[in-house]
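**Q** Take this structure, written in structure tokens, and hold onto it; I'll ask about it next.
The values are calculated or read from the model by the stated rules, or taken from the named source; none is laboratory data. Just so we're clear, the structure is a prediction, and the values are computed from it rather than from any experiment. So basically every Cβ, Gly included, is an ideal-geometry build from the backbone, and we count neighbours across all protein chains shown.
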Amino acid sequence: MKRWLGKNYRKKSDESLMELLKKGDKSSFEELYKRYSKRLLFYFYKMLWQDEPKSQDFLQEIFIKIIEKPEAFQQGKKFSTWIFSVAHNMCKNEYRRKINRNEIALETDHEKLWYDSEWQFDFEQNLFKKQFNMALEKLNDNQKAVFIFRYKENLSILEIAEILECSEGTVKSRLYYASRKLAELLKNFSPVN
Amino acid sequence: MENLDGIKNYEKLEVLLLKCPFSELSEEERKNAMVWAGSQENFDGMRKLLLEGKNVLDEERSIVPSPEIYKSLSGEFSLRNQSLKGIDTNLNTLMRYPVPLYRIGIAAMIVLGFFLLLNQKSVQKEELDPKIVIRTDTVFQVNRQIDTVYLEKEIVVEKPVYVTQNIEEEEMYSDEFAERFEEDPFLDFQIQKDFYEGTVGITMEEDSTFMEFQAKGI
């Protein structure tokens, strides 16, 4: 019975699962958790300076928000857009908190030192991943967010604009500068053919 | 670095970047790529980044949510929705609980007995209740008119009452007077005579007249 229900839930859209969740349906919550937990965790991990424990905390927090206030999700909206906008706002709040404590400046200085001493290595293909992640950290939070949404979550420009509550032009601009900056930082790699 | 054309046409540039290397683009595409990316070097750098970066992002699956998070969230969800799901859970528990057949039978008989008892009572009650049958019929309405009304009327007429001084008469028949009368029987005759002739006592009118005369000094 449960297996049959499970199969049925897998076919349901995020939005209909959310409507069931509002009525207290636990299976719909399980299904949404399965679909989004890894994606959200990855987003938090990338946005929060690759701090895994913090990302796990944020993941828990975002799902608690869904449990406590499922009515915050308005019918007619796309769930993925809504959940990522909540996640993005949580990250923004964390940035503000860190800026107030001057923690970001210290991290940047630390990274700068690391960059100066180690960035000059000849990049091997197996090191690209590490260097790419470090380059990603060099982007500001908005550029980083649009880059992840576009190339990790494969969201459209319009969807990203909705999540970040800005115009499509702004998203394009951020994507353009993010790509140029990353390309600049990773220019020592020989271009792929 | 400011490249408004590149920004405006980012989606088109992206298509070219992911399509093929700069050298394999058509003439027109190359022109556009040069304008939007700024240079061939930039184009190649961005292409490298998008292809490799996308792969890195896709492959990065090492982080998995902690199982503790799901446990905690599941508990939280159950707690929050306990009131909604309470009835359902109780029914499920009842269904799962192994109950011997004889118990079910006894319970069924008790329920049936109650049902029959209640049903019988309701039948008796129905019999005792007076039946009210409403019928439509013709009603004659009699309108009696009042012809004569007799009203009792009390008329009070004030009459002047003149009190005469008869006290003396009474006194005449007192014990003292009786003694005197016994001694002198003519006294009674004289008194009666005076009384009838009106020489004894005066009326109120006479008295007032007398008073008037006195006032005038007559």
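**Q** Can you tell me how many residues in region A:138-193 are of a type in the set (A, V, I, L, M), more than 10 Å from every other protein chain (Cβ to nearest Cβ) and touching a residue at least 12 places away in the same chain (Cβ under 8 Å)?
**A** Kept after step one, since they are of a type in the set (A, V, I, L, M), are these residues of region A:138-193: A:139, A:145-146, A:148, A:155, A:157-158, A:160-161, A:163-164, A:171, A:175, A:178, A:182-183, A:185-186, A:192.
With more than 10 Å from every other protein chain (Cβ to nearest Cβ) added as a condition, the list becomes A:139, A:145-146, A:155, A:158, A:160-161, A:163-164.
Those still in the list that are touching a residue at least 12 places away in the same chain (Cβ under 8 Å) too: A:139, A:145-146, A:155, A:160, A:163-164.
Residues flagged as of a type in the set (A, V, I, L, M), more than 10 Å from every other protein chain (Cβ to nearest Cβ) and touching a residue at least 12 places away in the same chain (Cβ under 8 Å) within region A:138-193 amount to 7.
Here's the yes/no breakdown for (1) exposed (fewer than 15 other Cβ atoms within 10 Å of the Cβ); (2) away from chain B (no Cβ under 11 Å); (3) at pLDDT below 95; (4) farther than 20 Å from residue A:73 by Cα:
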| position | (1), (2), (3), (4) |
| --- | --- |
| A:18 | no, yes, yes, no |
| A:25 | no, no, yes, no |
| A:39 | no, no, yes, no |
| A:42 | no, no, yes, yes |
| A:50 | no, no, yes, yes |
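**Q** Sticking with this one: Determine, yes or no, whether residue A:58 is modelled with pLDDT of 95 or more, crowded, with 18+ Cβ neighbours inside 10 Å and closer than 22 Å to residue A:134 by Cα. Before you say what the answer is, go through the steps one by one.
**A** Numbers: modelled with pLDDT of 95 or more: yes; crowded, with 18+ Cβ neighbours inside 10 Å: yes; closer than 22 Å to residue A:134 by Cα: yes.
Yes: the conditions hold for residue A:58.
**Q** Further question: Condition first: small (Gly, Ala, Ser), part of a helix (DSSP H, G or I) and at the interface with chain A (Cβ under 7 Å from one of its Cβ atoms). Now tell me which residues in region B:40-77 satisfy that.
**A** Let us first name the residues in region B:40-77 that are small (Gly, Ala, Ser), namely B:45, B:53, B:62, B:66, B:72, B:74-75.
Now narrow it down to the ones that are part of a helix (DSSP H, G or I): B:45, B:53, B:72, B:74-75.
Those that are small (Gly, Ala, Ser), part of a helix (DSSP H, G or I) and at the interface with chain A (Cβ under 7 Å from one of its Cβ atoms): B:45, B:53, B:72.
**Q** On the given criteria, is residue B:11 surrounded by fewer than 20 Cβ atoms within 10 Å (Cβ to Cβ) and at the interface with chain A (Cβ under 8 Å from one of its Cβ atoms)? I'd like the intermediate steps shown before the answer.
**A** Working: surrounded by fewer than 20 Cβ atoms within 10 Å (Cβ to Cβ): yes; at the interface with chain A (Cβ under 8 Å from one of its Cβ atoms): yes.
Spelling it out, residue B:11 is indeed surrounded by fewer than 20 Cβ atoms within 10 Å (Cβ to Cβ) and at the interface with chain A (Cβ under 8 Å from one of its Cβ atoms).
**Q** Does residue A:12 meet the test of being surrounded by fewer than 19 Cβ atoms within 10 Å (Cβ to Cβ) and touching a Ser or Thr at 6+ places or on another chain (Cβ under 8 Å)?
**A** yes
**Q** Would you check which residues across region A:52-71 are at the interface with another protein chain (Cβ under 7 Å from one of its Cβ atoms) and among the β-branched types (Val, Ile, Thr) and list them?
**A** Once the filter is applied, which keeps residues that are at the interface with another protein chain (Cβ under 7 Å from one of its Cβ atoms) and among the β-branched types (Val, Ile, Thr), region A:52-71 yields A:64, A:67.
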